[in-house]
Amino acid sequence: MSTPLESPTEPLERLRQRPKRADARRNYDKVVAAAREAFAERGASTSLEEIARRAEVGIGTLYRNFPNRQALLEAVYIDEVENLCRSASEFESLPPWDAFAAWAQRLVGYLATKHALAHELLEYVEPDAPLFKSCRESLLSAGQPMLDRAQQAQAVRPDTNLWEIIRMVGGIAKIPAAEPEETQHMLRIALDGLRYRAPDAR
């Protein structure tokens, strides 16, 4: 009997241990959400005291869930990947191109956050650590079906692959932009180059 396939987020869940009690779980999620917001606004070096204040919990509560900065950085990093992977299922009902483009727009936001978090995490974690490996695998397994569907529908050109697209979107995410709308505009221009065109199209 065949075993069921894992969802893209299942390997990530095994990398961390969330609290089981409901109140502790709420505090855990509040700290992760506050850290994500603070890192996006002020960078991944934001103090843990500032994050506790934003989460409206005591610093002791933060440390009970995250004994050090590395633990919190890892939790936020994994949470970002999980959210991106889950978003793929939100777009399944859209036409192939629309689903692919919507996921790419989520991807650019994730990659912008990832660069800051990864830079901080590399002070604690090796580049080939299970954390990064599992995140890459989950990201690829979530995005590949969307790209396959778009290419099979002749919505996306066939001479590219998901890793190339992730690198392209990552390059856009690194470009300093005055406003998020500017980043999205550059992404739309880049995505237009991925549209399928018949061989005789001019």
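Here are the numbers:
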| quantity | calculated |
| --- | --- |
| Surface share of carbon and sulfur [accessible, 1.4 angstrom probe, percent] for the chain | 52 percent |
| Given charges at Cβ of Lys, Arg, Asp, Glu: the chain dipole, positive-most of ILE166, CYS135, ALA55 | ALA55 |
| Mean Cα-pair separation over length for the chain, i.e. relative contact order, pairs under 8 Å, 6 or more apart, % | 23 percent |
| Accessible area in square angstrom per residue, the chain, 1.4 angstrom probe | 57 Å² |
| Span-like helix ranges in the chain, DSSP H, alpha carbon extent 15 angstrom or more, Kyte mean at least 0.5 | 162-174 |
| Check: the chain dipole with +1 on Lys, Arg Cβ and -1 on Asp, Glu Cβ, in debye | 280 debye |
| Region 94-123 and region 152-169: distance between their alpha carbon centers, rounded to Å | 15 Å |
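The values are calculated or read from the model by the stated rules, or taken from the named source; none is laboratory data. All of these numbers come straight from a predicted model, not from anything done at the bench. When we count neighbours, we look across all protein chains shown, and the Cβ atoms used for this are built from the backbone with ideal geometry, even at glycine. The protein model used for the area step is the full one, side chains on, heavy atoms only, and it has no ligands, DNA or RNA in it. Shrake-Rupley method; radii C 1.70, N 1.55, O 1.52, S 1.80 Å.
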